[in-house]
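Read the structure below first, then the notes.
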Amino acid sequence: MKKYFFLFFVVIAFFALGVESESASKDIQFKTNVWRPKEKWYGFNLLGMFCKTRLEAGSKRVFGYFPLDRFLWMHEWGFNFARLPLDYRFFVNDEDWLKVNESELRKLDDAVKYGKEYGIHVQINFHRAPGYCCNPPEEKMSLFRDKEPLIAFTNLWAILAGRYKGIPNEELSFDLLNEPAPIDFYGATPSNYAVVARAALHAIRAIDPNRFVMSDGWEWGNKPVMELHPFDPASGESIHCYTPNSVTHYKVFKKNTLEPCPPWPPVGCTNGVEWLENKFAKSWYKAIEDKTFLFVGEFGCYQPTVPHKTFLAWLEDALKMFERHSWGWALWNIDGQFGIMDNFRTDCEFEDYRGHKLDRKALDLLIKYATRGRGK
């Protein structure tokens, strides 16, 4: 812990200069090497340590660890990427966020090991960080205005940077914070998020200067955080595509709606790819122009309510749009309500796969576009 203590002074300096100050977030520079994946990443999010609250409530998808079989499935299907959205509460003491739980970190070590064993790049992300999460329950403090959560956040990244130093970027990368967004309680803005992101980036680079690091886009990953542009040579920005939300999240937020699921492509549109280009991809043109490395860290549909035909049509158009821009991607997720396996559908035929119900049509689409992408 002592070797990271200097980071706390960096964080305090950031706040002393003011979280809205861009100069405050650029006062420390580290030399980094240029690195990009030699092949595009294609894969899935794995929810093993996604939400401690759901684990305690008995979720069958949050295991408190990362099962080996998920890596085996991805390897058998030909994918090469796993994003691990984490809940920080697994890894720290409830009473002291600077005290880490070594036994829980070893479970993360296992996932990194499985990735290496099966040729799958592992990307570590904090879905819930000290002082921020886009999902309930609400944190007690804000990562964007309070010192304690920011110190804990940068400390966690420093610990992970030291723990995995020496593992090549081909095997491991970091994704700082899931879906920064203007949620009232937290008071996040693009400017103060940029300060938080740079504080975490500096904490990582002080220990592992060449680690490849991603940062999620603003407003739930829908558009770039231009306050972070241009990105340095060893980092990139993560896109999250759930557009249009009325389709992808049909009956998630309005469970009792009597309105039918909107069709895909939308009414009056004959080309769903062009619709996505104009309504979604266009927001990323500035990031494309400044040659930022972009990757679709999340996309998908809520399986129990979105008709299968609608889902498959939307999925293929989204994959075509990603392909147009040479973006790799990670579906949210393998199994469960947004997955292609054991997803509670009643309107499609399932294939029995190792004792699980697999939507083979969806998987075949994913394999098709991943194979095409790697061939370019």
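None of the figures in this text is laboratory data; all of them are computed from the coordinates on show. Please read these numbers as outputs of a predicted model, since none were measured by experiment. Cβ atoms come from the backbone with ideal geometry, glycine included; neighbour counts cover every protein chain shown.
Figures for the structure shown
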{"read-out": "Inverse of mean 1/r across different Cα pairs in the chain, Kirkwood, Å", "value": "21.1 Å"}
{"read-out": "Filtered chymotrypsin sites (Phe, Trp or Tyr not before Pro), the range 180-224: DSSP coil and at most 15 other beta carbons within 10 Å", "value": "Phe185"}
{"read-out": "Helix 308-324 axis, angle to the chain major axis (alpha carbon atoms, nearest 10°)", "value": "50 degrees"}
{"read-out": "Cα shape, the range 217-288, gyration tensor, a/c 1.5 rule", "value": "oblate"}
{"read-out": "Pairs beyond 21 Å (Cα-Cα), from Lys38/Lys116; Lys113/Lys165; Lys38/Lys291; Lys254/Lys320; Lys40/Lys116; Lys52/Lys140", "value": "Lys254/Lys320"}
{"read-out": "Where GluC sites (Glu not before Pro) fall in DSSP loop in the range 132-217, at most 15 other Cβ within 10 Å", "value": "Glu138, Glu170, Glu171"}
{"read-out": "Helix 102-118 axis, angle to the chain major axis (alpha carbon atoms, nearest 10°)", "value": "50 degrees"}
{"read-out": "Neighbourhood charge, 10 Å Cβ-Cβ cut-off, centred on Ser238 and excluding it, Lys, Arg +1 and Asp, Glu -1", "value": "-4"}
{"read-out": "GNM flexibility winner over the chain from His240, His127, His325 (Cα, springs under 10 Å)", "value": "His325"}
{"read-out": "DSSP bridge pairs, the range 39-374: antiparallel proportion in percent, nearest 5", "value": "20 percent"}
{"read-out": "Loop sites in the range 75-141: trypsin sites (Lys or Arg not before Pro), DSSP, at most 16 other Cβ within 10 Å", "value": "Lys99, Lys140"}
{"read-out": "Using a Förster distance of 25 Å, the FRET efficiency for Thr53-Thr257 (Cβ separation, nearest 0.05)", "value": "0.45"}
{"read-out": "Using alpha-carbon coordinates, inclination of helix 190-205 to the longest axis of the chain, degrees", "value": "70 degrees"}
